[in-house]
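The values are calculated or read from the model by the stated rules, or taken from the named source; none is laboratory data. Because the structure is predicted, anything quoted here is derived from the model rather than measured. Here Cβ is always computed from backbone atoms with ideal geometry, including for glycine, and neighbour counts include all displayed protein chains. SASA here: full protein model, heavy atoms, side chains in, ligands and nucleic acids out. Shrake-Rupley method; radii C 1.70, N 1.55, O 1.52, S 1.80 Å.
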Amino acid sequence: MASAGKVMLVAGGSGSIGSAIAREAHRQGWTIAVHGRSAEKVDAVCAALGCGRTAEGFLVDICQPSAAETLVAEVVEQFGRIDSVIDCTATGPGGITGFFAQTDMQAFGSFLDVSLCWLERLAHAAYPHLASEGGTLISFVSDAGVFAAPRQTLIGAARAGAIGFIRNFALEAARDNIRAHCISPSFVEGSESARKMGSDRMAKAASRAGLGLPTAEDIAPLAVFLCGEGARKMTGQVISINGGLNA
Ligand SMILES: NC(=O)c1ccc[n+]([C@@H]2O[C@H](COP(=O)([O-])OP(=O)(O)OC[C@H]3O[C@@H](n4cnc5c(N)ncnc54)[C@H](OP(=O)(O)O)[C@@H]3O)[C@@H](O)[C@H]2O)c1
């Protein structure tokens with residue numbers, strides 16, 4: 001397999017989408033660094049992958065100072081290289097979604113720090129390793145950053161920031177043989193966010209998605225493909241995967 005011996009860091013790899021990516025990439029021969037905050041969840045993902053030398057868990061709270069540098073250094077110490085970084089972290093301070101007038105003015109700054117600024121810190125920390133291996137950085141964003149929708153003003157602004165970051169980063173980083181993309185879900189069946197959203201909103205979204213809403217397993221192969229040889233001439237793309245909900 002072309003991916004044998006290559007190392008993928010899945011930040012937020014214990015979550016709904018991250019764990020599906022970890023499973024798919026591992027199945028395709030990648031060595032996986034599974035990151036998260038809860039040891040129990042990270043251990044469960046690693047155990048399902050069979051652990052051993054091709055999957056290892058890393059517990060770093062991304063709200064802590066130097067989290068990105070610590071995480072990258074620990075992965076490099078364990079595996080000696082990083083070929084791909086996929087950021088699937090989702091932090092959920094309250095007051096971010098909802099009608100703008102009801103959102104929390106104080107919450108937005110800290111949300112930007114653990115979403116957009118975290119991505120920037122992760123990219124900085126991983127850059128030398130991705131450059132030496134000709135690697136890929138993927139940021140999970142959301143359709144709120146691409147398509148306007150009610151109750152998404154703050155989250156849409158944060159996600160649009162991440163999209164702007166990745167597209168500009170991709171142009172420059174291509175000179176160092178680094179590729180970068182955003183993957184943009186909307187509503188993901190069976191995910192933690194879907195559970196929080198509630199069955200009524202999910203059913204309403206599902207009724208508008210002609211192809212049916214994706215699951216995390218529908219999204220994972222795209223992420224792994226973008227990190228592989230088949231996508232070696234692609235960079236700077238923002239790919240929505242939403243079952244036809246938005247186009
Ligand atoms: N699912 C959806 O419907 C949907 C829709 C649009 C966009 N997205 C985007 O897709 C990405 C993945 O979503 P998801 O549904 O897989 O999210 P998820 O299931 O909630 O997973 C979030 C991941 O982030 C980790 N995390 C959260 N706070 C952390 C912290 N302070 N330090 C370290 N790790 C932390 C979680 O670890 P712990 O569990 O240990 O805290 C978990 O691994 C996110 O960027 C999300 O915004 C998702």
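Any idea what the dipole of the stretch 92-172 comes to, in debye rounded to 20, about its Cα centre with Lys/Arg Cβ at +1 and Asp/Glu Cβ at -1?
So the dipole magnitude of the stretch 92-172 works out to roughly 160 debye.
Points 7 angstrom from Cα along the Cβ direction at Cys63 and Phe225: gap in nanometres?
Output for this residue pair reads 3.7 nm.
To the nearest µm²/s, what D does Stokes-Einstein give for the chain at 37 °C and 0.692 mPa s, using the Kirkwood radius over alpha carbon pairs as Rh?
182
Counting heavy atoms of the protein chains only and a 1.4 Å probe, report the per residue accessible area for the stretch 152-218 as a whole number of Å².
54
Would you please give the FRET efficiency between Ala2 and Lys196, computed as 1/(1 + (r/R0)^6) with r the Cβ-Cβ distance and R0 = 35 Å, to the nearest 0.05?
0.40
Students often forget the sequence filter, so: which aspartates and glutamates lie under 15 Å Cα-Cα from Lys6 once same-chain residues fewer than 8 apart are removed?
Answer for Lys6, where 15 Å is the Cα cut-off: Glu24, Glu56, Glu77, Asp83, Glu133, Glu229, listed by chain and number.
For Ser110, Ser199, give me the order by solvent-accessible area with a 1.4 Å probe, most accessible first, ignoring ligands, DNA and RNA.
Ser199, Ser110
Could you let me know the centre-to-centre spacing of the stretch 169-221 and the stretch 68-140, using Cα atoms, in angstrom?
Computed from Cα coordinates, the inter-centre distance equals 17 Å.
So what's the angle, to the nearest 10 degrees on a 0 to 90 scale, between helix 216-226 and the longest Cα principal axis of the chain?
Computed tilt is about 50 degrees.
Can you tell me, using C-alpha contacts under 8 Å and at least 6 residues apart, the relative contact order of the chain as a whole percent?
Answer for the chain is 19 percent.
Mind checking which lysines have their Cα closer than 25 Å to the Cα of Lys196? Skip sequence neighbours fewer than 8 apart in that chain.
Counting by Cα, and skipping residues close in sequence, Lys196 has these lysines nearby: Lys41, Lys204.
Taking the chain as the reference, fit the longest principal axis to its C-alpha atoms, fit the long axis of helix 118-133 to the helix C-alpha atoms, and give the angle between the two in degrees, 0 to 90, nearest 10.
30
Helix 153-173 against the longest principal axis of the chain: what's the angle in degrees, Cα atoms only, rounded to the nearest 10?
Once rounded, the angle reads 30 degrees.
Once every DSSP H run of n ≥ 4 in the chain is given -39500 (n - 2.57) and the sum is divided by its residues, what mean residue ellipticity at 222 nm do you get, rounded to the nearest 500 deg cm²/dmol?
Here the helix-only value at 222 nm equals -13500 deg cm²/dmol.
Set the Förster distance to 22 Å, then compute FRET efficiency between Asn246 and His124 from the Cβ-Cβ distance, nearest 0.05.
0.10
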